[in-house]
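Derivation of every value follows stated rules applied to the coordinates shown; laboratory data play no part. Only a predicted model underlies this, so the values are computations on that prediction, with no experimental measurement involved. Virtual Cβ from ideal backbone geometry, glycine too; neighbours counted across all protein chains shown.
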Amino acid sequence: MNCVNGTIISLLSPRQQRVNSVLAHQFSQAGVELYLVGGVIRDALLSGQGDGDLDYSTSATPTQSRQLLEQGAASAVYLIGERFGTVAAIFDQRPNAVNVEITSYRREVYPNDTRFPEIEFNATLADDLGRRDFTMNAIAVEARTGEVVDPWDGRADIATALVRAVADADERFQEDPLRLLRAARFVAQLGFRLDPPTEEAMTRQAHNLSRISQERILAELTRLLLGPYVDHGLDVLRRTGLLEIALPELTQLAAEAGASAPSRPGREKDLWDHTIRVVHQTPARAAVRWAALLHDAGKPLTRSVDQDGDIHFFGHELVGSNIASRTLNRLKADKTLRSSVRALVELHGRPASYDASWTDSAVRRLALGAGVNWDDLLDLAAADVTSGRERKRIEATRRVSDLRQHFQRLQEETELSKIDSPLDGDDLMRMFELPPGPWIKRVKQTLRDMVIDGELSSGDRDRAAVIARSLVREDHALHDGKGPDAIADSEPRISP
């Protein structure tokens, strides 16, 4: 092992240093080893300061670790992974809390390519570091002395911005295929490049990603998408074949390079290159970055060529929104993310068509369609400009900016959230003594549209009732056994 004296502990925050000092004393007095490991070391070496949680490896048993943590005045101590020998603790109270995880030295054996390892605790620090994913995460610092243990030259790889697997890369990825995505995620987060043998192993082992649950894949992909170098991380997925395993919905789009648009000067020719540039240009928020990634997913399925040789993608927004919904549903995304991304993909082309002829009603309709995703929609539209023509980029940016200002003016006059039908579903059911059904949505939508167009005041319930009666009378399918004459003759009854 390569052991040298370091000053990594001095890079920790004062609160972290205090907690580390307490733990170092407790474990040293008990005659057991305690080493700081993991991301806090990597981040300290990268940025010159450590932050976040403190992770340790120890020769102590989980029971010993728990006892020593309790003696060290932790606010709370609990077992979070008995099978993996991990004990967690919280020091101090939020917002100044320091979270600690201490794991007993272990070896992991993966029999018959299973993803469930057999755990052996009769291990050493060398064994423990040897089971880690990448060299930058296989550095340990003795908690009391600050001695650095770096058997895989992780510091050198950090200094040269290299993601390199520990020892045999194929074995590391076979042990836990999620590490395949973690490698791409570190490229996206840190701007590192992949060690060539590590990338070659990723390509060989990409098929093993299918062993990982969709929820874990979603979480790792989202972390990748939020990285400042997201375009590099996404291209790692494409180069290694991970894209077709993790996101098969984008395989055709990524394969369309050079064939997805007419060969005219200044025209975008590569859908994949365009996509990753759009993702990179959007703010680092989950919904808008997922939408940017999927915004043109419908183009390969809607591509057509007219008689002049021009290529079109008519209706790709709606097709893409359905693809986005299916993709996130498969990945077990929550309903909020699914609905936001679907709406953003469906509407992403609208803001760029804005001009001075748009009425207030048109702007309100688009904003209401976007709902809580309005800011994300405008940011996506602004990012969806990667043309080589500077004039085109400036014009598209101006359109989005003008739309943003138009909406802001409308908001100052009447907040969008206050624009709604004067009558709700309960009002309508009481008025017509009809059961709930699709008719309520249709009537409310018509009334809201009239409010948007300035034809009806949002507070004019009496006139809204008259209009609603006319709508119900005209639609025989809404009556559920009542004839239109009965509806016409009945007086609408609304509560004040």
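Suppose R0 equals 60 Å. What FRET efficiency, 1/(1 + (r/R0)^6) with r the Cβ-Cβ distance, do residue 67 and residue 326 give to the nearest 0.05?
Details: r = 51 Å, r/R0 = 0.84.
Working from the Cβ atoms, E equals 0.75.
Taking the Cβ of residue 77 as the centre, find all other residues whose Cβ is under 10 Å away and add up their charges (Lys, Arg: +1; Asp, Glu: -1).
On the way: positive: 66; negative: 70.
Charge balance in the 10 Å sphere: 0.
Please give the helix 438-452 orientation as an angle from the longest Cα principal axis of the chain, in degrees from 0 to 90, rounded to the nearest 10.
80 degrees
Going by C-beta contacts inside 10 Å, put 295, 406 in order with the fewest on the left. Please report the intermediate quantities before stating the final value.
Details: 295 31, 406 19.
Ascending Cβ contact count within 10 Å gives the list 406, 295.
Based only on other Cβ atoms within 10 Å, what is the fewest-to-most ordering of 335, 392, 444? Could the numbers behind the result be given before it?
Numbers: 335 9, 392 14, 444 20.
Lowest to highest Cβ neighbour count: 335, 392, 444.
Sort out for me the Cα centre separation of the stretch 36-71 from the stretch 379-457, rounded to whole Å.
Distance between centres, Cα-based: 51 Å.
Answer rounded, prolate or oblate for the stretch 252-416, using the Cα gyration tensor with square roots of eigenvalues a ≥ b ≥ c: rounded when a/c is under 1.5, else prolate when a/b is larger than b/c, else oblate. Don't jump to the answer; show the numbers that get you there.
Numbers: a/c = 1.85, a/b = 1.23, b/c = 1.50.
Here the stretch 252-416 falls in the oblate category.
For a test of the definition: using alpha carbon positions, the gyration tensor, and the 1.5 limit on a/c, classify the stretch 1-83 as rounded, prolate or oblate.
On the way: a/c = 1.72, a/b = 1.52, b/c = 1.13.
Prolate shape, in that a/c is at least 1.5 and a/b is the bigger ratio.
With axes computed from alpha carbons, what is the tilt in degrees of helix 335-347 against the longest principal axis of the chain, rounded to the nearest 10 within 0 to 90?
60 degrees
Work out from phi, with θ = phi - 60° and the Karplus expression 6.51 cos²θ - 1.76 cosθ + 1.60, the ³J(HN,Hα) of each residue of the stretch 157-163, listed in order in whole Hz, and give x for Gly and Pro.
5, 5, 4, 9, 6, 10, 8
So what is the relative contact order for the stretch 3-160, in percent, with contacts set as C-alpha pairs under 8 Å and at least six apart?
For the stretch 3-160, the relative contact order is 26 percent.
Using a Förster radius of 30 Å, what is the FRET efficiency between residue 18 and residue 159 based on their Cβ-Cβ separation? Nearest 0.05, please.
On the way: r = 29 Å, r/R0 = 0.97.
Efficiency, from the Cβ-Cβ distance: 0.55.
Looking at the square roots a ≥ b ≥ c of the eigenvalues of the Cα gyration tensor of the stretch 170-246, which shape do they give, rounded for a/c under 1.5, prolate if a/b is larger than b/c, or oblate? Please list the in-between numbers first.
Working: a/c = 1.72, a/b = 1.16, b/c = 1.49.
Note, shape of the stretch 170-246 comes out oblate.
Expressed as a whole number of Å, what is the distance separating the alpha-carbon centroids of the stretch 174-207 and the stretch 289-313?
The two parts, judged by their Cα centres, are 30 Å apart.
Nearest 10 degrees is fine. How inclined is helix 360-370 to the longest principal axis of the chain, computing both from alpha carbons?
In the chain, helix 360-370 runs at an angle near 40 degrees to the longest axis.
Cut-off is 10 Å between beta-carbons; in what order do 273, 308 appear when sorted fewest neighbours first? Intermediate values should be presented prior to the final figure.
Working: 273 17, 308 6.
Fewest-to-most Cβ neighbours within 10 Å comes out as 308, 273.
Find how much the distance from residue 7 to residue 78 grows on full extension, using 0.36 nm per residue of separation minus their present alpha carbon separation; answer in nm with one decimal.
Values: separation 71, 0.36 × 71 = 25.56 nm, distance 3.03 nm.
Taking residue 7 through residue 78 to full extension adds about 22.5 nm, to one decimal.
Tell me, in nm to one decimal, what length is gained between residue 393 and residue 426 on full extension, where the rule is 0.36 nm per residue of separation less the Cα-Cα distance? Each step should come with its number before you reach the end.
Numbers: separation 33, 0.36 × 33 = 11.88 nm, distance 4.87 nm.
Extending this stretch completely gives an extra 7.0 nm.
Pulled fully out, how much extra length does the chain show between residue 53 and residue 359, if you take 0.36 nm times their separation in residues and subtract their Cα-Cα distance? Display every interim value, and only then the final one.
On the way: separation 306, 0.36 × 306 = 110.16 nm, distance 5.22 nm.
So the chain would gain 104.9 nm between residue 53 and residue 359.
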